[in-house]
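Engineer: First the structure, which I've put down as structure tokens, then a few questions once you've had a look.
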Amino acid sequence: MTELSLEDIEFIKILANSDSTILQQGMNEATRHRLDSQIGIILREYYKENTMNTKTGWIEKFEKVGITEDDGKSAIACARRLGIDIS
């Protein structure tokens, strides 16, 4: 199981608290790749644990770093609006 880096935490918090249209305008290819690969994987695992009770450990990891369930849901919704497949 992957650990959350400080950069991952900040990225998820930005997604949770930002307007996807503004993020879309400022997103370069490197950011999109990171979102799709690394952050997308984390959010997919978090989503699966929340919806399918898969016990991936991401809920606990998010809680430890101050990412609430609402933050997680908001980050997932924003990532989806940016075209990232979460489910």
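Engineer: Name the pairs whose Cβ atoms lie under 8 Å apart, with the first residue in segment 13-34 and closer than 14 Å to residue 74 by Cβ, the second open to solvent by 90 Å² or more (accessible area, probe 1.4 Å) and in a helix (DSSP H, G or I), and 6 or more positions between them or separate chains?
Structural biologist: Matching pairs, first to second residue: 16/70; 20/81.
Engineer: Here's a follow-up. Any residue at all in segment 7-17 that is surrounded by 14 or more Cβ atoms within 10 Å (Cβ to Cβ), in a loop (DSSP other than H, G, I, E, B) and not basic (Lys, Arg)?
Structural biologist: There is no residue in segment 7-17 that is surrounded by 14 or more Cβ atoms within 10 Å (Cβ to Cβ), in a loop (DSSP other than H, G, I, E, B) and not basic (Lys, Arg).
Engineer: Write out, first by first residue and then by second, each pair whose Cβ atoms fall under 6 Å of each other, whose residues are 6+ apart or on separate chains, and whose first residue, in segment 57-79, is on the phi > 0 side of the Ramachandran plot while the second is open to solvent by 50 Å² or more (accessible area, probe 1.4 Å) and at pLDDT below 95.
Structural biologist: Note: pairs meeting the criteria are 57/1.
Engineer: Would you say residue 85 is of a type outside the set (Val, Ile, Thr), in a loop (DSSP other than H, G, I, E, B) and open to solvent by 40 Å² or more (accessible area, probe 1.4 Å)?
Structural biologist: Criteria met by residue 85.
Engineer: Can you go through 66, 26, 72 and tell me which one is under 20 Å from residue 83 (Cα atoms) and exposed (fewer than 11 other Cβ atoms within 10 Å of the Cβ)?
Structural biologist: 26
Engineer: Ok, one more. When you look at residue 38, is it open to solvent by 60 Å² or more (accessible area, probe 1.4 Å) and over 17 Å from residue 74 (Cα atoms), yes or no?
Structural biologist: Spelling it out, residue 38 is indeed open to solvent by 60 Å² or more (accessible area, probe 1.4 Å) and over 17 Å from residue 74 (Cα atoms).
Engineer: I'm trying to understand the selection: among the residues of segment 41-63, which are open to solvent by 40 Å² or more (accessible area, probe 1.4 Å) and among the β-branched types (Val, Ile, Thr)?
Structural biologist: Listed by number, the residues that qualify are 41, 51, 54, 59.
Engineer: Return yes when residue 69 is modelled with pLDDT under 95 and over 11 Å from the mean Cα position of the chain (by Cα) and no when it is not.
Structural biologist: yes
The values are calculated or read from the model by the stated rules, or taken from the named source; none is laboratory data. None of the values given here were measured: they were computed from a predicted structure. In this analysis, Cβ positions are derived from the backbone assuming ideal geometry, glycine residues included, and neighbour counts consider all displayed protein chains. SASA here: full protein model, heavy atoms, side chains in, ligands and nucleic acids out. Shrake-Rupley method; radii C 1.70, N 1.55, O 1.52, S 1.80 Å.
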